[in-house]
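These notes are about the structure you will find just below.
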Amino acid sequence: MKIQLKPTAESGRIIELFSLIDITERRLNDFLLQKYTQEIESLFHLSQKMIQNLNADEIINSIPKHIVQALSNAEAASIWKYNKSEDDFEIVSWYGFEKGEAEDLRLPKSETLIGKIYTRKKGIICNDTFKEPLFKDEENNLPTKSTLGTPIFDGEEVLYIIFADNFYHTNVFNKEDLKILQSFANISGIALNNVKLYNKIKTSELKFRSIVDSVGESIFIHDMETGQIVDVNNKALETFGYTYEESLELTANEASSNVYPYTPEEAFNFIQKAKNEGPQLFEWHAKKKNGELFWTEINLRKIKIGNEDRIVAVVRDITERKRNEQQIYYQANLLDSANDAIIASSDKMIGKYLNNKITFWNKGAEKLFGWKKEEAIGKNIRDLISLEIMNSTFENLVQGLIKKGFWSGDTIQYDKKGNKKYIHLSVSAIKENGKIIGSIGVNHDITDKIIAEQAIKENEAKINSIMRGAPVGIGFARNRILEYVNNHLLKMLGYSRKEMIGKNSKMFYESFSEYDKIGELYNKLKNKVVTFSEARIAKKSGEIIDVIITLSPLEKNDLSKGLVFSVLDITEKKKAEIRRKELEVSYQDIFDNTSDAIYIQDSNGKFLDVNKGVVEMYGYPKETFIGNTPEFLSAEGKNDLE
C-alpha cells in the first residue's frame, strides 16, 4: 500500500513536505497503518505551524516537542549544534528529559554516533544503544535504549543534528520512522531558511528605507506603467505637506502648477521617456498641499526594486537657485556692455567636474568667441568653447571653486572659427547651502600681450645666445652697477659671475682717472647711439690689460634705464704696435748713421730715400735725390747706377 501526500499551498507559499512514504511491509496490520497515517497527519499540521513562524529561536525550541508529537514511539527529542572551535556538539534544545538531565550536555565529534551523522550527512537508526560502540549518551547518564538521528540542512551545510529517543524499549524505530524524521528535518531546514531570507529581506528593506529617508531631497517611486505613486520618503512628506497615505493617492495634477508645460500630460511623458530612453533631468513648477507654488529640479530614472520595474523621481527644491539666477541676470545685464566676455552658468557637479549650462552671454562674449547669444544660452559651455589651462589643470580650477569660491588664471580658448585665443579667466562660484549652483566667468583677451611676450622671449633668447657666443666681453649696467656679464668677460677678467654682478665697475679700472675717463663718455652719449674709448682695466690677478670699451644706451634719451657695454681686449695689439715702432727707430738709426751710401728706389728707378753717405758722396742735398732717377748723377752715357 502507498500513501501519497500532495504539495499544500498556504498564504501564497508552496511547501513541499515530502513526496512519498512507501510502506513496503505488506503484512503490516491496519493498526500500524493507522498509526503511521496519524503520525504523518500530525507531522503535516506541525510543519505548517513551523513554516508560518518567522522566529528562528522559537522554531529551534519547538522542534524537539514536535518530533515527540509526530513519532508515537519517541519519548524524548533533542537538537544539537556543532562547535567548530571545540570540535564537539552541544545540546541547544530538548523535550522529554527529566529536569537537569539535558542541560549543558556535550558530545565529542570523534568516534560518536552524532559525529558519524555529521560527517556522512545521513540519518541513522540505532535500536539497541548498548550494542552500539559509537553511542556515547551513557557517558552523560541518559537512559536511551533506541534512537533516531538525522541532520538538518541549509543547502549542503549541516546546521543541526536532531535525535528522537526511547528510554525503555529496543527495536522500536524503523525506516518509516527515519523517513518521517528526515521529512521533519527537511521542513525544519526550510522553516529556518525562510527565517533567514525573511530577516535578510527585512534588513535590506530597513536599510533601503533608512537610506531613502536620510536623503535631503524628496523621493517619489512610481509605477512605471500607470505613473501612480507607490512610495515616498519623509523629505517628500515634509516638502509637499501631505501624509504618507495622502501621498500614495497624490496625482500630478495636484502636485503641479498646471500651467503648460507643467501639466499631468507632460509629467507622464517624462515618465515614459525615463522608461524608454533613459534618465531625464528637467525643471518643474510644483505645488504644495497648501497651494504654494515652488520651483523644483526632477531627476527621473528607471530602477528595479525586488522584481518590480519602477520609476524613481528625485525632486530638489531650487527656489533659492531661481532667485539667484534672477539676481545673476540683473547683475549680468549691468555688465552686458563690458569689453570683456562675461558668461554666467547654472552649474551641477557630475563626478568631480562641473556641468556648466550657460544662462548669460554678453556682447563681449559674442565678440570674443563668435557665438551669438541665442546660440549660446542653454548650451553646455564645454560644448561651445574648448578650454586649456596654462600652468595648471582643469581639476585645480574646479577644486578652487569648491574650496575657495574663486579661481583665476591664464587659459587657451578657441572661438567659433577655431581661432586660438589667450584668455585671462576669472571665475566666481555661486553657492547654495554650501553647494555650487552657478558661476560667473570674466574672460579678458590677452592674446596680443602673450604674443608680444613670446616675441620678447624669443628675442631675449637670441640676444642671450649672441652674448654667450660673442668673442668680446659684453654686459649690462645701470648707474655703473653691473647687472649682467657674459661668459667671455668673466673669462677675460678671471672673476666669477657672483663676484661681478651687483658691483660698481670702479673696481675693475687701473685707476680713478681711468674710471672717470669712461664716466665722461656718459655725457657724450646724449643724442648718440654709441660711443667708445680706450681704457686700462685690471684682472682679478692684478694684471693690467688694454681694452676698448663701447657704450650703447638701452633708451637713447634716458640713461637711467641702463646701457649695454662691450669690452675688447687690445693688449696684444698694443704690444705689437710698440714693437713695430721700436723696430722702425732701430732701422732708421742704422740707415742714417752708416758711412756707406745707401739709397732706396722704386720699381721705376726713382729714389725714395737716401742716407747721409749718399749726400756726402755726391754732394747733393737729400731733397734733390727724392723723386729723381740716377741719370742726373752720371755723365752722359756713363750711368753706372742703371
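A few comments on the model shown:
- In the context of the full protein assembly, LEU197 retains an accessible surface of approximately 80 Å², using a probe radius of 1.4 Å and ignoring ligands and nucleic acids.
- Two-site label geometry, SER465 and ASN55: point separation in nm, points 7 Å out along Cα→Cβ: 9.3 nm
- Solvent-accessible surface (1.4 angstrom probe) belonging to TRP407, in square angstrom, nearest 10: 30 Å²
- Two-site label geometry, LYS84 and GLU577: point separation in nm, points 7 Å out along Cα→Cβ: 10.5 nm
- Relative to its Kirkwood radius, the Cα radius of gyration of the range 245-294 gives an Rg/Rh of 1.00.
- Cross-link partners of LYS403 among aspartates and glutamates (Cα-Cα below 15 Å; sequence separation of 8 or more within a chain): GLU395, GLU432
- Only Cα sites of the range 381-530 enter the Debye sum here, all with the same form factor; the resulting log10 I(q)/I(0) across q = 0.09, 0.18, 0.20 1/Å is -0.58, -1.07, -1.24, listed in q order.
- Those aspartates and glutamates that a straight Cα-Cα span of less than 17 Å connects to LYS420, excepting residues fewer than 8 apart in one chain: ASP340, GLU366, ASP383, GLU388, ASP410, ASP445, ASP448, GLU453
- The ellipsoid that matches the Cα gyration tensor of the range 84-138 has semi-axes, each √(5λ) in whole angstrom, of 19, 16, 11, with the longest given first.
- On a per residue basis, the range 223-304 carries 55 Å² of accessible surface, using protein heavy atoms and a 1.4 Å probe.
- Counted residue by residue at 0.36 nm each, then reduced by the alpha carbon distance between them, the extension gain from LYS196 to VAL529 reaches 110.0 nm.
- Rounded to 0.05, the FRET efficiency of the TYR244 and GLU308 pair, given R0 = 25 Å and the Cβ-Cβ distance, is 0.85.
- Volume of the convex hull of the range 65-201 (Cα atoms only), normalised per residue: 113 Å³.
- Across LYS528/LYS561; LYS289/LYS435; LYS524/LYS573; LYS367/LYS404; LYS417/LYS449, pairs whose alpha-carbon gap is larger than 23 Å: LYS289/LYS435; LYS524/LYS573; LYS367/LYS404
- Sorting 596-608, 102-114 by average packing, meaning the other beta carbons within 10 Å per residue, from highest down gives 102-114, 596-608.
- With R₀ set to 41 Å, the beta-carbon distance separating VAL259 from ALA338 gives a calculated FRET efficiency near 0.70.
- HIS169 accessible area, assembled protein chains, probe 1.4 Å, Å²: 100 Å²
- Remark: spin-label model distance GLN454-SER110 equals 8.5 nm, labels positioned 7 Å along the Cα→Cβ axis.
- Descending principal axes extents, the range 267-345, alpha-carbon based, whole Å: 59, 34, 19
- Too-long pairs where the Cα-Cα distance tops 26 Å, listed order kept, from LYS581/LYS612; LYS287/LYS379; LYS109/LYS131; LYS65/LYS202; LYS65/LYS99: LYS287/LYS379; LYS65/LYS202
- For q = 0.12, 0.13, 0.24 Å⁻¹, Debye-computed log10 I/I(0) when each Cα of the range 352-452 counts as one equal scatterer: -0.39, -0.45, -1.48
- Charge tally around LYS503: other residues with Cβ under 14 Å, Lys/Arg +1 each, Asp/Glu -1 each, net +4.
- Bridgeable lysines around LYS275 (alpha carbons under 24 Å apart, same-chain partners fewer than 8 residues away excluded): LYS302, LYS304, LYS348.
The values are calculated or read from the model by the stated rules, or taken from the named source; none is laboratory data. Source: prediction; values computed, not measured. With ideal geometry, Cβ positions are generated from the backbone for all residues, glycine too; neighbour counts draw on all protein chains shown. Side chains included, ligands, DNA and RNA excluded: accessible areas come from the protein's heavy atoms. Shrake-Rupley method; radii C 1.70, N 1.55, O 1.52, S 1.80 Å.
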